[in-house]
1. What are the ³J(HN,Hα) couplings of region 97-109, residue after residue, when phi is run through the Karplus curve with 6.51, -1.76, 1.60 and θ = phi - 60°? Round to Hz, x for glycine and proline.
2. Whose amide H sits under 5 Å from the amide H of Leu176, counting only residues 5 or more places off or on another chain, with H placed in the peptide plane?
3. Please enumerate, by chain and number, the lysines with C-alpha under 20 Å from the C-alpha of Lys134, excluding those fewer than 8 residues away in the same chain.
4. In nm, to one decimal, how far is the Glu179 label point from the Ala207 one, both placed 7 Å along Cα→Cβ?
5. From the phi angles alone, apply the Karplus equation (6.51, -1.76, 1.60; θ = phi - 60°) to region 165-175 and give each ³J(HN,Hα) in whole Hz, x where the residue is Gly or Pro.
6. Using θ = phi - 60° and the Karplus curve 6.51 cos²θ - 1.76 cosθ + 1.60, what whole-Hz ³J(HN,Hα) does each residue of region 83-94 get, with Gly and Pro shown as x?
7. Name the long-range amide H neighbours of Trp141: under 5 Å, sequence gap of 5 or more, or other chain; modelled H, no Pro or chain starts.
8. How high is the FRET efficiency between Tyr95 and Tyr187 when r is their beta carbon distance and R₀ equals 41 Å, given to the nearest 0.05?
Amino acid sequence: MTVTSNGNRSFKQALLRSRFNEVGYEKNFDCDVEDISSNDEDNTTDITMTKGLQDGSEINGGIPNIRLPAALLKKIREPWKKCLIVRLLGKTIGYKLFMAKMTKIWSLQADFEALDIGNGFFIVKFDMMDDYTKVYTSGPWIVMDHYVTVRKWQQDFKSDDAEEDTTTIWVRFPNLPIEYYNEKVLYHTAKSLGNPLKVDINTAMAARGKYTRVCVEIDLRQPLISHFTISKYTYGVEYEHLHSLCFYSGKVGHQKEICSDHPQPPPMEEQS
């Protein structure tokens, strides 16, 4: 296995190592892995931490508690800090299709690599920081009529326990009177939904007339706003490309019929 000029394995090699079992490779542990402090910048290790690893100190009904020294944690997390965690909201796709779709819609200057970490999530590493910035800030990205959620890599990210927190989406305000096609008005209206990011240029120029369109970063853990009021009238909010939207709780990911917040009618008793 080759290494980079500075002696560290590349991101691609790290991905390949993580997929050994998938392609049938095996590898014996290195001879120095028993020393938890080896190859760290700081070779001093807290005795309690080392002992915790050696004797498998048990807590919570016999579950081993693995305690890692700070220097080792810093080392293993460093290569992932400039990565993004990406997922297609409301739809799961395979690795090859993900790579094909993202390559096309992102249209990056350089290459990128990705690792499928399960449950629809991918970790993506970019060869150029400009591409990293573009993907993180230039959304919303839409693939197969679904939004692509993008977040910065975070330590201890557990894909089977992760919730979508925020995403950028386009929202419309149908039938809004033409005098409200004003940047300040649209900004403060969008702010009631989330974090306003940009406005459709046709909206800014009042070119469409049928609806306004703004891009907003919303918190998917909170109920979505369905209406707002200006002056004496109430107006609706339409969320583009959002599927499985519950109009009872306002949350994404399910519909009213299976909403835990929606009281279900008692089953009908069969008449004899």
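What follows draws every value from the coordinates through simple rules; no lab data is involved. Since this is a predicted model, take the numbers as computed values, not measurements. Heads up, the Cβs are rebuilt from the backbone with ideal geometry, glycines too, and the neighbour counts pull from every protein chain shown.
1. 5, 4, 4, 5, 5, 5, 4, 6, 7, 6, 6, 7, 6
2. Thr212
3. Hits, sequence-local ones excluded: Lys81, Lys82, Lys101, Lys104, Lys125, Lys152, Lys198.
4. My value for the distance between the label points is 2.6 nm.
5. So the Karplus estimates, Gly and Pro as x, are 9, 9, 7, 9, 9, 8, 10, 10, 10, x, 6 Hz.
6. So the J values, rounded to whole Hz, are 10, 10, 9, 10, 8, 7, 5, x, 8, 10, 10, x.
7. Result for Trp141 returns Val148.
8. With a Förster radius of 41 Å, E is 0.55.
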